[in-house]
Each structure stands twice: as structure tokens, then as C-alpha cells.
Amino acid sequence: MKTFPNFPKETKCIICGTNEDKECVLIPIDGTLDGNICEASPTHVDCIKNIDGFRYNKNANILYKRLDF
């Protein structure tokens, strides 16, 4: 997993809703793939490590967590 040392100031983490400047990773957005390029949402690495409530859809082979905003 490629990580980046700084979080972009102009966006917010999809999990915690802040733009605190700390290590982040880009999470691809479904439906935006064009060749080898897609849109992505920066997300704090700490938020991913600390999140609970993941679910696994065995039929679709998808690991997910519903986010309520």
C-alpha cells in the first residue's frame, strides 16, 4: 500500500471528516476507472487501522464499511 506523508488541505478524510495533516493513502472510487487512472479519496492511515465494523460480502468478494455522514 503506497502511503503519503501529508494529507491534502483541500479535502477531508472519508472516515473522520477532518483534514489533519498526517499519513494518508488513496482509496479508489468505484465507477471512475479510465484505463489505468481513477479518482481516489485521501484517507488517513490511522483511521483505516482504527476502524471497526468491516463487513465481507462473499458473493461480490467485497470488504466494506458503511460510512454515515
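Readers should treat all values here as calculations from the given coordinates under stated rules, not as data from a laboratory. Worth saying up front: this structure is predicted, and the values here are computed from it rather than measured. Note that we place each Cβ from the backbone using ideal geometry, even for glycine, and neighbour counts take in every protein chain shown.
Could you run through the range 44-54 and say how many residues are surrounded by 10 or more Cβ atoms within 10 Å (Cβ to Cβ) and not in a loop (DSSP other than H, G, I, E, B)? Adding up the residues that qualify gives 6.
Among the residues of the range 9-43, those identified as part of a strand (DSSP E or B) and farther than 17 Å from Lys65 by Cα are Cys24, Asp34, Ile37. Answer with yes or no whether Cys38 is within 11 Å of the chain's Cα centre (by Cα) and not charged (D, E, K, R). Considered against the rule, which asks whether it is within 11 Å of the chain's Cα centre (by Cα) and not charged (D, E, K, R), Cys38 comes out as no. Scan the range 16-29 and give yes if some residue there is surrounded by 12 or more Cβ atoms within 10 Å (Cβ to Cβ), touching a strand residue (DSSP E or B) at 6+ places or on another chain (Cβ under 7 Å) and polar (S, T, N, Q), otherwise no. No.
Looking across the range 55-69, the residues that are assigned to a loop (DSSP other than H, G, I, E, B) and either surrounded by 10 or more Cβ atoms within 10 Å (Cβ to Cβ) or not aromatic (Phe, Trp, Tyr) (or both) come down to Lys58, Asn59, Ala60, Asn61, Lys65, Arg66, Leu67, Asp68.
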